[in-house]
Amino acid sequence: MRPLFLLVLLIVWMAVTGAVFAPYVYPEWEHQLHGKETAILPRPTVPVAGRWVDDYFVVEPIDERTIAIGEPRYYQGNYSYLLLGDQRAVLFDAGTGTRDIVPVVRALTTLPVTVIASHLHFDHVGALGHFDRTAVLDVPALRARVRDSMLTLGRYEFMGFTQDLVPPTFRVDEWWAAGTTIDLGGRTVRVLPTPGHTPTSVSLYDGQHHQLFVGDYLYPGHLYAFLPGSSRSAYLATTRQLLSTLDPTTRIYCAHMQDPPAPVRAPVLEVADLQALERTLNAMQEGTISGIDPGGLGSTAGFPRVFPVRGIVTFATGYRWNNP
């Protein structure tokens, strides 16, 4: 009986350990198994909203003071947003770094530009440190790591190992605190912490124009809530906070476009999608919703688990004990 008992203990230990560390093991395993993704894809054959720049970027005016800068040839279909005021501009998300976004932005405005990333994953930080000023969400976990105003990103904070990228080091010029209003001159945006996808995710809210820029917190596709630092409870708290803050007519500008889109355009969702996300998260908490086919996420042994939200929006998460 003793060998059998030890074997059972070993199996339980391996299962629990694997589950607890699944957010870290999963991306490492996927990278070893499949290697890095092909970063640059062929040019889409469908129409685009906007104009091509350098046969890679797509520049799409949203309104007189807001410009979407897309990378539809990048394998994740990223979008950054240039917010213009009278005195300064903000670039929300810094591009993937696959191609240099700096000259694209410089051709669009002569204003001094402050760049801030919605979060610190590799596909959002390409030009941090390459504009007039770089801003970061003011949280103790990040401030504590700064040396001589320089911040180096961690392995599981940056996640660039999946593309064989080295974590960058950049200068932090401004720390934007939660709730701070950033005055661009004739236009203001409010800094909203939006943890869930990562613990230091941030969004910008232009209440006057009913625009919210959210990065990877919400977009038309699989929402990744199973990687290191992700948290279902934080996702739910953030969703509730946003619903209590936003005007019901707010348009939500996201960081990843629908695949495949027709035409290629900046990904936009609405408050109804946030409401649907809240319902899904509540149902998960209550155990009254079933998962669905992960649809290409490479789910192994039930990880990640994927739940429907609204339309093509789904919520991909880990186990209760590793994504609390």
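Overview of values
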read-out: Options SER80, GLY160, SER118, ranked by Cα towards positive dipole end of region 59-179, top entry (Cβ charges); value: GLY160
read-out: Karplus-derived HN-Hα couplings along region 204-216 (A = 6.51, B = -1.76, C = 1.60, θ = phi - 60°), whole Hz, x at Gly and Pro; value: 10, 10, 9, x, 5, 9, 6, 10, 10, 10, 10, x, 9
read-out: Simple label model, 7 Å out from Cα along Cβ direction - ALA272 to ALA49, nm; value: 1.6
read-out: Accessible solvent surface per residue of region 127-213, calculated while the other protein chains remain in place, 1.4 angstrom probe, Å²; value: 43
read-out: Estimated inter-spin distance, THR245 and THR181, nm [label 7 Å along Cα→Cβ]; value: 1.5
read-out: Prolate/oblate/rounded call for region 68-199, Cα gyration tensor, a/c under 1.5 rounded; value: oblate
read-out: Potential lengthening between GLU174 and ILE312 on full extension [0.36 nm per residue; Cα-Cα distance subtracted]; value: 46.0 nm
read-out: Rounded percent of accessible protein surface that carbon and sulfur make up, region 168-286, 1.4 Å probe; value: 47
read-out: Region 147-196 - percent relative contact order, Cα under 8 Å, separation 6 or more; value: 27
read-out: Global geometry of region 138-268, whether rounded, prolate or oblate, following the gyration tensor of its Cα atoms and the 1.5 cut on a/c; value: oblate
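The values are calculated or read from the model by the stated rules, or taken from the named source; none is laboratory data. Quick caveat: nothing in here was measured; it's all calculated off a predicted structure. In this analysis, Cβ positions are derived from the backbone assuming ideal geometry, glycine residues included, and neighbour counts consider all displayed protein chains. Keep in mind that these areas ignore ligands, DNA and RNA; they rest on the heavy atoms of the full protein, side chains included. Shrake-Rupley method; radii C 1.70, N 1.55, O 1.52, S 1.80 Å.
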